[in-house]
Amino acid sequence: MSHRDYAGCAIPPLVHDIGFGWDPRPEIERLLFVARQAGVEPGSGLELGCGTGRLVQGLQSFVPDVVALDLSPTAVAYAQPRCDAEVCVGDMSDFALDRRFDLIFASANTIRHVCADDDVRRMWNCIADHLEPGGVFVADLELGFDAEAEKIGKPACWMISRGIATVHVSWETIEPPSLETRCCTIRWTFESRDGEPVGKWSEAFPLRTYDAEEFMRLATIAGRLRLSGLYEPRDPYLLETPVGKAVGRMLVALKLEE
Ligand SMILES: C[S@@+](CC[C@H](N)C(=O)[O-])C[C@H]1O[C@@H](n2cnc3c(N)ncnc32)[C@H](O)[C@@H]1O
């Protein structure tokens, strides 16, 4: 397994965990629903880019055998003690765990951290190599090349409190996706105003930006997978969406052939 430089997680894990600290149950229930719609009742699962482990912990009530990896050693060090699961440092574009899973998933735009064409191709092959025949991969991500460019100057902001700590998060597209690299630049800022630690952390990083067609093409050609379901999460509904109309936040389920 190779560990390369990474971008997108230089925020202190506790601050990151509070900032992403909304109730994980609806995400876990949607993930399991989408897997079941694909005909998979997972006994084993692998999370790519698990961050502080907030989803691993909740998923363990439903899936007995969960493994997770993240490129950030500090995130892994935070996640490991809170999860009764194997959590390891690893690169989702280049991993070899020597086993297969019924379900592999990447939440919250995490799959978009893999930017370069070669890395994207290798990632899909790694995913296919780690799925059981008939197993399912689920990604939760925002799709739409033009839609990403339209977000310039319109940051999404939210605020979450835990105990005496309140963390304000701002997520902003600061450079539109380029036709050459297919990446946009995001800046996220976390500000912890009460409790410990108090401070402000900001980081800019690239995210691969996909139209739905391109996402499906790369996954299905390089990864030996086929589209099983594409859904827009619009609480409490999941709206099945055709590839040609998939813009905005989507759940994509891809199955490895039996
Ligand atoms: C937006 S956070 C999401 C964390 C977690 N999935 C959640 O929903 O709370 C993205 C995570 O992906 C990790 N990451 C970025 N590039 C990665 C790579 N190539 N391989 C594995 N993890 C990566 C970052 O370290 C970060 O923890």
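Where a number appears in this text, it was derived from the coordinates with a stated rule and is not lab data. Not measured: the values here are computed from a predicted model. Cβ sites come from the backbone with ideal geometry, for glycine too, and all protein chains shown count toward neighbours.
Scaled to the globular estimate 2.2 N^0.38 Å, the Cα spread of the chain, given as radius of gyration, is 0.96. When shorter helices are ignored and each DSSP H run of at least 4 residues is given -39500 (n - 2.57), the per-residue value for the chain at 222 nm works out to -7500 deg cm²/dmol. Counting only DSSP beta bridges whose two residues both lie in the chain, roughly 75 percent are antiparallel.
How big is the Kirkwood radius of region 146-207, worked out from every pair of different alpha carbons and given in Å to one decimal? Spell out each step's value before the answer.
Values: mean 1/r = 0.0789 Å⁻¹.
Computed over Cα pairs of region 146-207, the Kirkwood hydrodynamic radius comes out at 12.7 Å.
Taken along the Cα-to-beta-carbon direction at a fixed 7 Å, the label points for Glu175 and Ala10 span 1.5 nm. Largest mean-square fluctuation among Ala219, Ala165, Ala38, in a Gaussian network model of the chain whose springs join Cα atoms under 10 Å apart, belongs to Ala165.
For Val89 and Glu214, calculate 0.36 nm times their separation in residues minus their Cα-Cα distance, and state this gained length in nm to one decimal.
Working: separation 125, 0.36 × 125 = 45.00 nm, distance 2.86 nm.
Using 0.36 nm per residue and subtracting the Cα-Cα distance, I get 42.1 nm.
Of the residues Leu32, Leu14, Leu131, the one that moves most in a GNM of the chain with alpha-carbon contacts below 10 Å is Leu14.
At full extension, Ala96 and Arg226 could sit 44.6 nm farther apart than now, given 0.36 nm per residue minus the alpha carbon distance. With a simple spin-label model that places each label point 7 Å from the Cα along the Cα-to-Cβ direction, the separation between Arg36 and Arg121 comes to 3.9 nm. Restricting the GluC sites (Glu not before Pro) of region 124-160 to loop positions (DSSP other than H, G, I, E, B) with no more than 16 neighbouring Cβ atoms within 10 Å leaves Glu150.
Treating each Cα of region 14-107 as an identical point scatterer and ignoring solvent, apply the Debye formula and state log10 I(q)/I(0) at q = 0.15, 0.23, 0.24, 0.25 Å⁻¹. Debye curve over Cα of region 14-107, log10 I(q)/I(0) at q = 0.15, 0.23, 0.24, 0.25 Å⁻¹: -0.54, -1.24, -1.33, -1.41.
Under 30 Å between alpha carbons, and skipping anything fewer than 8 positions from Lys200 in its own chain: which lysines qualify? Candidates past the 8-residue exclusion: Lys151, Lys154.
Shape of region 66-184 from the C-alpha gyration tensor: oblate (a/c of 1.5 or more and a/b not above b/c, with a ≥ b ≥ c the square roots of its eigenvalues).
Just for region 1-125, what percent of DSSP beta bridges are antiparallel, to the closest 5? Could the numbers behind the result be given before it?
Values: 1 of 13 bridges.
Beta bridges within region 1-125, antiparallel portion: roughly 10 percent.
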